Structure formats: C-alpha cells, structure tokens
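Working notes, beginning with the structure itself.
The values are calculated or read from the model by the stated rules, or taken from the named source; none is laboratory data. Just so it is clear, the structure is predicted and the values come from calculations on it, not from any experiment. Glycine also receives a Cβ, built like all others from the backbone with ideal geometry; neighbour counts cover every protein chain displayed. Calculation scope for accessible area: heavy atoms of the full protein, side chains included, ligands and nucleic acids excluded. Shrake-Rupley method; radii C 1.70, N 1.55, O 1.52, S 1.80 Å.
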Amino acid sequence: MMFWRQLAVLIVELQNLLRMGRINPPASINLFSNLSGKVSRSTGSRTRSRTISPPKFRPSLIRRVLSPDILAPGAVGVLAIAAWEIFVHVTNMPPYLLPGPILVFQTLISSWGELFPSLLVTLKVTLIAFITAAISGLLISVLFTQSKWIERSFFPYAVILQTTPIVAIAPLIIMWLKNDTFLALIVCAWIVAFFPIVSNTTLGLNSVDHNLINLFHLYRASRWQTLIYLRLPSAMPYFLGGLKISGGLALIGAVVAEFVAGTGGSQSGLAYQILMAGYNLQIPRMFAALFMITLTGVLIFACLTWLSNFLLKEWHESAIKREN
Amino acid sequence: MTPTITLSHINKVYANGTVALQDMNLEIGASQFVSLVGPSGCGKSTALRIIAGLGQMSSGQLEWGQGRTPKLAYVFQEAALMPWATVQDNVRLPLTLAKMPKREAMAAVEESIAMVGLQGFEKCYPRELSGGMKMRVSIARALVTKPDVLLMDEPFAALDEMTRSRLNSDLLSLWSQLRWTVIFVTHNIYESVYLSQRVVVMAARPGRVVADVAIAAPYPRDEEFRTSLDYNHYCRDVSHHLAEASLKGSDRDLQIVTL
C-alpha cells in the first residue's frame with residue numbers, strides 16, 4: 001500500500017499547487033520602524049502592499065511540479081507500479097491472486113457503471129456521518145468546557161464509545177435499526193468519527209492563553225462572549241485537526257458497517273462490491289473497488305487539509321508558508 | 001478626575017502557606033506614576049493583580065478615592081494578543097465586549113492606534129509584527145477604553161534595550177497628555193527611575209514594602225535625564241534599598257550570596 005500513501009502525498013501537493021492567491025506578508029512592514037519612530041502611513045491596504053512587492057514567493061507552476069516535493073514521491077510511485085506490473089508478468093501470477101495495475105485500471109474503467117453508483121452510496125453515508133460528527137462533536141465539547149462536572153461525568157463514556165470495536169457492535173446497531181439500514185450505517189460511521197473531534201476540540205477549548213482569559217475577566221466578558229470571541233477561535237486549529245482524523249475514520253466506519261450489513265438493502269456501497277467480487281473471485285474488480293475507497297479517503301483528507309489551511313492561513317503556524 | 005488608590009494592611013497568603021504580601025500599605029495619588037520594584041517573588045505582581053481584581057486578598061482593604069471603581073486597564077508582560085484577529089480587532093476587543101456600536105468603536109480604535117504610532121498596520125495580524133509593535137498594540141488596546149488607571153505588569157521586560165527605552169519615552173509622553181494613574185511593575189531599576197514620580201521598593205519572603213523613593217526630577221524627561229547625575233543618584237538610592245532589603249530579609253539564599 002506504499003503506493004497509495006505516495007499518491008496521497010502527491011494529491012496533497014497538487015492541491016497546494018492549485019491553491020492560488022496566497023497571502024504575502026506585507027513586505028512594507030519595516031521591523032525597525034518602532035526604533036526610528038517613523039511609521040509609514042501608506043501601508044494600510046493589502047492590495048497596495050501587493051503592488052509594491054512583486055509576488056516573489058510564488059514560483060511558477062512548472063517549477064513547482066518539478067520541485068523535489070512532487071518529483072520524488074511521484075517517481076517512487078511510478079517505480080512501484082512498474083515493479084508491481086513487472087513482478088506480475090515475470091512470475092506469471094494468476095490475476096485471482098494478484099492482478100497487475102494495468103488490469104486493475106482496465107477493470108476500473110469497464111466496471112465503472114456498477115462501481116461508481118456504489119461509491120456514491122458509500123460517500124453519502126460517509127459525508128452525512130462526518131457532518132453529524134463534526135456538529136455533534138463541537139457541541140459536546142462546548143458543553144464539556146462549560147462545566148468541569150459535565151466533562152468529568154461524561155468524558156469517560158465518550159472514551160468507552162470510542163474503544164468499543166465497531167465491528168463488534170455494528171451487527172447490533174443494524175439489528176436495532178432494522179427498518180433503516182441506511183441510518184444504521186450512518187450511526188456506525190458516526191461512532192467512529194466523532195471521538196477525535198470531541199477529544200481535540202475539548203483540548204483546544206481548554207488551551208486558551210491565560211493572559212487573554214484574565215483580560216476577558218477584567219473587561220467583564222460574559223460566558224457567552226468568552227466562548228464566541230476567545231474559546232472557539234482558540235480551539236479552531238484543534239477542531240480542524242480533529243476533522244482531518246475523523247474524515248478518514250468516517251469512511252472506514254461506513255465501509256466496515258457495510259461489510260457487516262452485507263448485501264442487505266437495495267442501495268449497496270463499495271463494501272458490497274468488494275464482498276461480491278471476493279465471492280466471485282473477481283480479484284481485479286476487488287482491487288478496483290479498493291482503489292476507489294482509498295482515493296476517496298485521500299480526497300477527503302486533501303479537502304479537509306485545504307479547508308484547514310484556508311481558515312488558518314492568516315494566523316496559525318500550521319498554515320503559514322515559510323519563506324526560506 | 002482620576003481617583004486615588006489606598007491599600008491598607010493588605011495580606012495575601014497562598015493555599016500552600018507562602019506569604020505573598022505582608023501588611024502592604026500604599027497610597028497613590030491622582031494621576032501619579034508609581035513603580036513597584038523588587039526581586040521576583042516579592043509580591044509586586046500579586047499586588048497589581050489584587051488592585052485589578054484579578055486576584056483576591058486574604059485580608060486588608062482596597063479603597064478607591066471618590067467612592068467609585070475607576071475604569072481600569074491592564075498590560076501584561078506578554079502582549080497577549082489574539083493571533084486570529086487583526087491589530088484593529090485586537091484593539092477593539094474591550095469595546096466589543098462592552099457592546100459598543102461599531103462606528104463609535106472604530107473611531108476610538110483609530111485614535112488609540114494613532115496614539116501608539118501604529119497607523120498603517122490596522123489590518124496586520126500579530127504574527128506580522130515585531131515584539132515592540134505587539135506591545136504597542138497591547139497598549140493601544142489598554143487605552144481604547146479611555147481608562148483612569150493603567151496597571152502595567154513588567155510590560156517591556158521581554159523587549160530589547162533599544163525598543164524598551166523607545167517605548168518608555170512614548171509611554172511618558174502619552175502619560176503627560178492623558179494623565180492616567182499608572183502603577184508600573186518592573187524589576188528594572190533604571191526603567192523605574194526614568195519613568196516614575198515614586199519608586200516603591202519591595203522585598204521578598206514575605207513580600208512587603210521596604211522603601212518609597214520620590215523621584216523629584218521634572219517632566220518631560222528626555223534622553224539627557226538618562227545620563228544626568230541626578231538620575232544616577234536616584235538609581236543608586238533605589239538599588240541601595242533593594243540590596244538592604246535582601247540583607248534584612250529572611251531569604252537564606254540571598255544572605256549567602258551577599259556574604
């Protein structure tokens with residue numbers, strides 16, 4: 001699976017590449033102006049400072065594609081795929097044991113008509129569960145930080161929910177929600193996805209600069225104001241970090257639940273395709289479905305990374321491009 | 001207009017038994033610039049926090065002249081800015097919390113930013129600023145509510161010497177225009193003498209006031225004052241009191257050092 005990891009890196013890089021309109025730090029800030037006492041008055045607007053400084057820190061697209069950050073993992077990926085293909089040919093490996101990448105790709109295209117609708121089903125479960133997890137996770141964290149007692153009383157149960165193997169409880173959930181397999185799948189994916197968000201966001205809401213808390217206290221800020229103007233913005237990087245973990249987990253949760261649910265229901269996801277392909281020894285098709293799941297995971301991660309960088313680009317270390 | 005502050009017999013004992021303040025008495029007149037100087041652990045920051053209402057005293061009394069609690073502003077050692085907000089929004093924070101309408105608030109913000117000489121940087125984020133500029137934002141935020149009393153807790157301790165002296169001069173010129181009452185906590189003798197009308201010397205373990213030195217030099221104090229004989233004289237006086245305090249104190253480590 002080395003290749004998929006490389007592909008993930010590649011896609012993240014590509015997405016970085018496509019991101020336009022990065023902010024340049026206003027070049028007109030003179031760090032010594034507070035020594036000389038002269039503060040230039042003309043540096044107010046961002047557009048103005050842009051026209052003053054040419055965008056030096058944005059290399060051309062071709063240069064970036066040829067940068068080692070993309071070239072190196074790209075080369076590794078190509079080599080690995082080539083080695084895989086050669087290995088399959090040289091050893092005369094039967095495709096029901098290990099299909100070559102070219103065959104997998106051909107199968108992906110020929111079975112696109114069946115695989116793609118399944119992908120949409122899985123994606124729908126994943127997205128609904130993920131969004132529900134994000135919203136409920138945030139609300140639960142806020143509730144936790146409003147009172148130490150609530151956190152003390154309920155946090156252990158959030159941990160228990162997290163540590164219970166989803167494979168073990170998925171059959172129960174599916175049985176309980178017998179009339180609605182779709183809902184059962186969402187519940188399973190939600191259980192897996194929501195804990196990282198709760199855990200991270202709670203940490204973030206509690207990691208507020210103490211001087212700022214004092215300042216809010218001094219200006220008699222209400223609990224609500226402290227939450228809106230201080231705690232939530234402070235917790236933002238943590239929340240987004242939680243989202244990045246949960247995005248992939250929601251997908252895994254959805255696929256695992258589909259596996260457990262088996263062939264039930266008219267709407268069948270990618271796990272169903274993998275199961276059926278396995279039963280029929282259509283291993284290339286299984287690989288193709290697996291490839292779609294992995295690619296979806298990578299895309300979810302890339303989207304969330306982009307979102308995180310977009311929201312934090314002005315101030316958080318994680319999203320600030322270094323200039324050297 | 002600015003009120004007087006009277007601290008009488010203030011004691012502060014922490015839960016672990018540490019006596020942070022022992023029978024502290026201090027009277028600060030209207031519009032005075034007073035420095036609290038002392039070694040770390042002498043309770044100078046504790047005293048400031050009690051005055052600000054950020055900490056509770058164990059016993060004693062804190063009285064404001066004219067019978068009303070004045071508008072306070074506090075400047076921390078770190079700039080304590082919100083990294084996600086622009087300079088403008090950081091300065092506006094106290095007004096936002098007081099629910100002042102935006103137009104009115106923006107006028108005050110603009111004025112405050114101009115006072116500390118940061119025009120043109122309104123839309124910058126804190127990470128784009130140098131340490132001295134961040135501290136200026138912090139001061140602008142303190143001034144935006146037009147406070148009566150300015151409490152400063154080692155505000156320039158983390159800055160380099162040149163930036164510090166520049167900010168000291170600017171602070172003095174603002175003070176001579178706006179005449180807040182200032183309580184300035186520092187461990188820097190030279191800074192305290194340059195700025196204040198009074199330097200209150202404190203000693204540690206237990207934290208207490210040991211001397212109250214009046215700095216009679218007239219304002220405005222320019223760079224010349226920093227090299228004058230008077231200035232040196234005051235510095236020596238204050239440092240003498242500090243040394244004496246550590247000799248008399250119950251602090252064993254310090255006694256060994258001075259032997």
Restricting the search to the range A:292-308, which residues are of a type outside the set (Val, Ile, Thr), more than 14 Å from every other protein chain (Cβ to nearest Cβ) and open to solvent by less than 50 Å² (accessible area, probe 1.4 Å)?
-> A:Met292, A:Gly297, A:Ala302, A:Leu304
Of the conditions (1) modelled with pLDDT of 50 or more; (2) in a helix (DSSP H, G or I); (3) in contact with a helix residue (DSSP H, G or I) (Cβ under 9 Å, 6 or more places away or on another chain); (4) open to solvent by 40 Å² or more (accessible area, probe 1.4 Å), A:Arg63 fails just one. Which one is it?
-> (3)
Out of all the residues in the range A:76-96, which are in a loop (DSSP other than H, G, I, E, B) and of a type in the set (Phe, Trp, Tyr)?
-> A:Tyr96
Test A:Lys313 against the stated conditions and say whether it is open to solvent by 70 Å² or more (accessible area, probe 1.4 Å), more than 19 Å from A:Gly253 (Cα to Cα), modelled with pLDDT under 90 and within 14 Å of chain B (Cβ to nearest Cβ).
-> no
Filter the range B:91-108 down to the residues that are more than 12 Å from every other protein chain (Cβ to nearest Cβ) and open to solvent by less than 20 Å² (accessible area, probe 1.4 Å), then identify the one that is nearest to B:Leu178 (Cα to Cα).
-> B:Ala108
Which members of the range A:203-225 meet the condition of being facing chain B (nearest Cβ under 9 Å) and assigned to a loop (DSSP other than H, G, I, E, B)?
-> A:Asp209, A:Tyr219, A:Arg220, A:Ala221, A:Ser222
Subset of the range B:118-144 (residues that are in contact with a Leu (Cβ under 8 Å, 6 or more places away or on another chain), at the interface with chain A (Cβ under 8 Å from one of its Cβ atoms) and part of a loop (DSSP other than H, G, I, E, B)) | B:Phe121, B:Ser130
All but one of (1) open to solvent by less than 50 Å² (accessible area, probe 1.4 Å); (2) in contact with an Asp or Glu (Cβ under 9 Å, 6 or more places away or on another chain) hold for B:Thr4, so report the exception by its number.
-> (1)
In the range B:166-199, how many residues are polar (S, T, N, Q), over 19 Å from B:Arg236 (Cα atoms) and in a helix (DSSP H, G or I)?
-> 5
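So that you can scan it fast, the table gives a plain yes or no per residue for (1) assigned to a helix (DSSP H, G or I); (2) open to solvent by 70 Å² or more (accessible area, probe 1.4 Å); (3) over 24 Å from A:Tyr272 (Cα atoms):
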position: A:Phe116; (1), (2), (3): yes, yes, no
position: A:Leu120; (1), (2), (3): yes, yes, no
position: A:Ile128; (1), (2), (3): yes, no, no
position: A:Ser141; (1), (2), (3): yes, no, yes
position: A:Asn179; (1), (2), (3): no, yes, no
Just to be sure, is B:Ala52 in contact with a Ser or Thr (Cβ under 8 Å, 6 or more places away or on another chain) and open to solvent by less than 20 Å² (accessible area, probe 1.4 Å)?
-> no
Say we look at the range B:173-190 and pick out the residues that are open to solvent by 10 Å² or more (accessible area, probe 1.4 Å) and closer than 22 Å to B:Asp230 by Cα; which of these is nearest to the other protein chains (Cβ to nearest Cβ)?
-> B:Ser173
Considering only residues of the range B:32-49 that are modelled with pLDDT of 90 or more and not in a helix (DSSP H, G or I), which is most open to solvent (accessible area, probe 1.4 Å)?
-> B:Gln32
Selection from the range B:64-117 of residues that are more than 20 Å from the chain's Cα centre (by Cα), outside any helix (DSSP H, G or I) and touching a residue at least 60 places away in the same chain (Cβ under 8 Å) | B:Arg68
Single unsatisfied condition, B:Glu111 versus (1) out of contact with any Leu (no Cβ under 8 Å at 6 or more places or on another chain); (2) open to solvent by less than 20 Å² (accessible area, probe 1.4 Å) | (2)
